[in-house]
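Everything below concerns the one structure shown next.
Any read-out appearing in this document is the output of simple, stated calculations on the displayed coordinates, not a laboratory observation. Since the structure is predicted, the reported quantities are computational estimates derived from the model, not experimental observations. A quick note on method: Cβ atoms are made from the backbone with ideal geometry, for glycine too, and the neighbour counts reach across all protein chains shown.
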Ligand SMILES: NC(=O)c1ccc[n+]([C@@H]2O[C@H](COP(=O)([O-])OP(=O)(O)OC[C@H]3O[C@@H](n4cnc5c(N)ncnc54)[C@H](O)[C@@H]3O)[C@@H](O)[C@H]2O)c1
């Protein structure tokens, strides 16, 4: 099946989308659009597709079947709505959007227009994540007791200065959590199940000219009773690979980026030893720990394949809009808990009112 992709927003991550799509037989980037025509033209020239100066014109192009949205995080909604209304399938970069209301609008528009919607969380497709999920579903951890995510990354001041949207509440929607650690927040809730209670502290300690947090610590209770923590920062020089730890009465596993570091169960299974051997030394990049562009595109390829399969079979992509919304809700809960000093219960009935969004200061 030949499938045409249109890319909206021709910045840093758009290049990874292009590479990921090029790895899929029958899939091609056929069109692109950016509010800066020069960015779209540069991208089109490098990737042999058509640059559009008008989003409506790109969405009217019948060779575009699927759009991927690579605009700043708080500017995902408008192009997603336009694409859905034009009958295109929609794949949105993380976070799906920066408020629950904006996420829900995207979900509703895609549902109403009967197009598929997916959110990009490539780490879920890493083999280490798949193995963890399989072991949890098989009950190998016994009673799940702790689930932790550690994202101790480093972003230079130049990184935040490189785009006017970076580090703003309006377009980044938050800092170390909403932009960087969200991959791990998503993994944690996918693996451990829903979060029901949060207490937290956030702060901005090491950067200038940003409104959002560069350090965050949250304690969690999951619906299954287990406890956990999320630690996220962009102010830990030189930046370490992200880590997920899952513990239970019957076993422990630690995954660092794509490598399994600990895989220890009270009841070992045939294949455990081989798995540990196979799953070490797999991380081929810096994982974005210090350099946002030091990532691979393989996870994106697997995710796009999953969406194409869902389109073909009229099924749900593995990470649909509802899945994409989950991490946004947890992060908004963390912001509210940090701002009020109170324990916050999830699910949230609506978007929390955050003073920081109004004053532009993380607290
Ligand atoms: N999955 C990942 O690993 C990953 C990595 C990096 C970024 N991202 C996400 O991708 C998105 C973009 O990040 P980036 O680093 O590529 O940003 P960027 O600033 O490099 O690129 C954004 C591009 O969008 C364009 N743009 C802005 N508003 C637009 C609009 N309304 N319509 C069309 N184009 C518009 C800008 O001109 C710019 O060219 C963010 O949501 C970010 O969180 C995901």
Shape call, segment 185-309: gyration tensor on alpha carbons, a/c limit 1.5: oblate
Likely footprinting exposure, 12, 279, fewest C-beta neighbours within 10 Å first: 12, 279
At R0 = 35 Å, FRET efficiency that the Cβ-Cβ distance of residue 353 and residue 291 yields, to 0.05: 0.50
In degrees, nearest ten, helix 182-192 long axis to first principal axis of the chain (Cα): 50
Full-stretch length increase - residue 156, residue 60 - with 0.36 nm per residue and alpha-carbon distance subtracted: 30.5 nm
Euclidean distance between Cα centres, segment 1-36 to segment 299-362, Å: 24
Neighbour-count ranking [beta-carbon atoms within 10 angstrom, fewest first] of 153, 190, 165: 165, 190, 153
Per-pair calculated FRET efficiency, R0 = 25 Å: residue 48 and residue 127 via Cβ, rounded to 0.05: 0.20
Point-to-point label distance, residue 165-residue 277, nm (Cα→Cβ direction, 7 Å offset): 4.7
Residue-span extension gain [residue 262 to residue 12] - 0.36 nm each, minus C-alpha spacing: 86.6 nm
Percent RCO, i.e. relative contact order, over the chain, from Cα pairs under 8 Å lying at least 6 residues apart: 19
Cα-based shape type of segment 286-345, given that a ≥ b ≥ c are square roots of the gyration tensor eigenvalues and the cut on a/c is 1.5: oblate
Segment 191-332, relative contact order [Cα under 8 Å, separation at least 6], %: 12
DSSP-defined antiparallel bridges as percent of all bridges, the chain, nearest 5: 60
Contact order normalised by residue count of segment 41-110, Cα under 8 Å, 6+ apart, percent: 28
Principal-axis tilt of helix 37-47 within the chain, Cα atoms, nearest 10 degrees: 80
Highest average packing first - 107-118, 264-275, Cβ atoms within 10 Å: 107-118, 264-275
Footprinting exposure proxy for 258, 97 (fewest neighbouring C-beta atoms within 10 Å first): 258, 97
Cα gyration tensor category, rounded, prolate or oblate, for segment 103-257 with a/c compared to 1.5: oblate
Alpha carbon centroid spacing (whole Å) that separates segment 47-111 from segment 132-197: 23
In degrees, nearest ten, helix 321-340 long axis to first principal axis of the chain (Cα): 60
